[in-house]
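Contents: one structure, followed by commentary.
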Amino acid sequence: MDSLSVHLVNPSDNSFGTAVVTPRWLFVLAAATPREAGDPILVDESLEQIVPESIRPGDIVGISVHTGNALRGYAVGRMARSRGAWVIYGGIHATLFPEEVLERGEAHAVVTGDGDIAWGKAVADCLAGKPQKIYEGGRIEGHEFLPARWDLMNPEKYMWASVQTIRGCPKHCSFCSVWRTDGRNRASETIKRVIDEIVDLRRIGFRFIALADDNFYPVTFTDLRLAREQNNTAKLEELTAIRAERFRLMERDGQAAQGHGLLYPDDDGSGRGRRVSGCDEEGQHQGRAGGIEAVTPEGLKAVFKDWNPSGDALALRLQTFKEHGVHVLGSFIFGLPTDRPATFDATWQWR
């Protein structure tokens, strides 16, 4: 057993020596690795490329792939298998296309869905020399989320740390994989565990923390309005409870972060979410990443996201963020069926 190592690899074609945000999955699966396998060797190729000579016969190599880094991940897997290692894939792309991963990545096994529990089973089976082809990780509940092994991280290599409070999204935007891979029912981490992790990361020295959530605030005002109009009391109570829970978390994370930067969405653009979190100190920079997608109602309808504001209403919403000192990183999609040459001009003028 002393000669065996478990390697967890975040594949990338480009290595820069430093990265912006910690790849959270790397440190969560480190926590999921069985004790009998020892502490895993973590390789984030956005920092530095894996050294083939570090892989020995009998080692176990876990590789997580999304579509953008799948080809590099397959190359790493083929290299590892040629050196006699067990090769296991996971991640969004592997969940959606497990057969492709088995074929092109020369995998011994694929973990689909959440890996918090399934990864340990796959490792144990490799240790026994009898891995299955597919391990169905499914969608675990919030209380089953594993805390990350931040003790295995070099904090000097990352600008931002990351925590996760929720997985999955109740929406069904056509371009998004989240509701297919992580489900439409929210799985929420307990507030105490989230706060404890934020405190630990602050003690390590991280000033900025990103919430790596599929949808931090999965309730829109439209959801509440529709529940009222439908006289769906049970749904309204459920949505109201989710809303209250999210604000309780923001209140607590503001205390834990001591007024420093947290990347999360506001409630309605009024700035209330930011004030509740205790992040109003002058000179502190706050931010939110938002999927704007399209500035026209036709574009939003085409991707099943017409509950987003558009046009002047969108401009007003973002201006409100700005007035409260919240910087917005907007994501846009071009090439929708409703796009026309004028769409590009409209987007540019709207900025």
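Give me a count of the residues in region 218-234 that are of a type outside the set (Val, Ile, Thr), under 25 Å from the mean Cα position of the chain (by Cα) and surrounded by 13 or more Cβ atoms within 10 Å (Cβ to Cβ).
Residues flagged as of a type outside the set (Val, Ile, Thr), under 25 Å from the mean Cα position of the chain (by Cα) and surrounded by 13 or more Cβ atoms within 10 Å (Cβ to Cβ) within region 218-234 amount to 2.
Any idea how many residues of region 199-211 are open to solvent by 70 Å² or more (accessible area, probe 1.4 Å) and part of a loop (DSSP other than H, G, I, E, B)?
Number of matching residues: 1.
Please specify each residue of region 44-56 satisfying the condition of being hydrophobic (A, V, I, L, M, F, W, C) and farther than 16 Å from Trp86 by Cβ.
Selection gives Leu47, Val51.
Being open to solvent by 20 Å² or more (accessible area, probe 1.4 Å), among the acidic types (Asp, Glu) and at pLDDT below 75: is that true of Asp214 here?
Taking the combined requirement at face value, the residue does not satisfy it.
Say we look at region 171-183 and pick out the residues that are of a type in the set (Gly, Ala, Ser) and surrounded by fewer than 17 Cβ atoms within 10 Å (Cβ to Cβ); which of these is modelled with the lowest pLDDT?
Taking the candidates together, the pick is Ser177.
Filter region 121-151 down to residues that are open to solvent by 30 Å² or more (accessible area, probe 1.4 Å), without any contact (Cβ under 8 Å) to a residue 60 or more places away in the chain and farther than 19 Å from Pro23 by Cβ, then give me how many there are.
Qualifying residue count, region 121-151: 15.
Evaluate the following for Gly168: is it under 17 Å from the mean Cα position of the chain (by Cα) and either at positive phi or surrounded by fewer than 15 Cβ atoms within 10 Å (Cβ to Cβ) (or both)?
It is true that Gly168 is under 17 Å from the mean Cα position of the chain (by Cα) and either at positive phi or surrounded by fewer than 15 Cβ atoms within 10 Å (Cβ to Cβ) (or both).
Need a quick list: helices (runs of 4 or more DSSP H) entirely within region 235-351 having at least 1 residues that are surrounded by fewer than 19 Cβ atoms within 10 Å (Cβ to Cβ) and at pLDDT below 65.
272-276
Applying the selection to region 184-193, what residues are of a type outside the set (Lys, Arg) and open to solvent by 20 Å² or more (accessible area, probe 1.4 Å)?
Asn185, Ser188, Thr190, Ile191
The values are calculated or read from the model by the stated rules, or taken from the named source; none is laboratory data. A quick note: this is a predicted structure, and the numbers were derived from the prediction, not measured. With ideal geometry, Cβ positions are generated from the backbone for all residues, glycine too; neighbour counts draw on all protein chains shown. When the accessible area is computed, the model is the full protein with side chains, heavy atoms only, and any ligands, DNA or RNA have been set aside. Shrake-Rupley method; radii C 1.70, N 1.55, O 1.52, S 1.80 Å.
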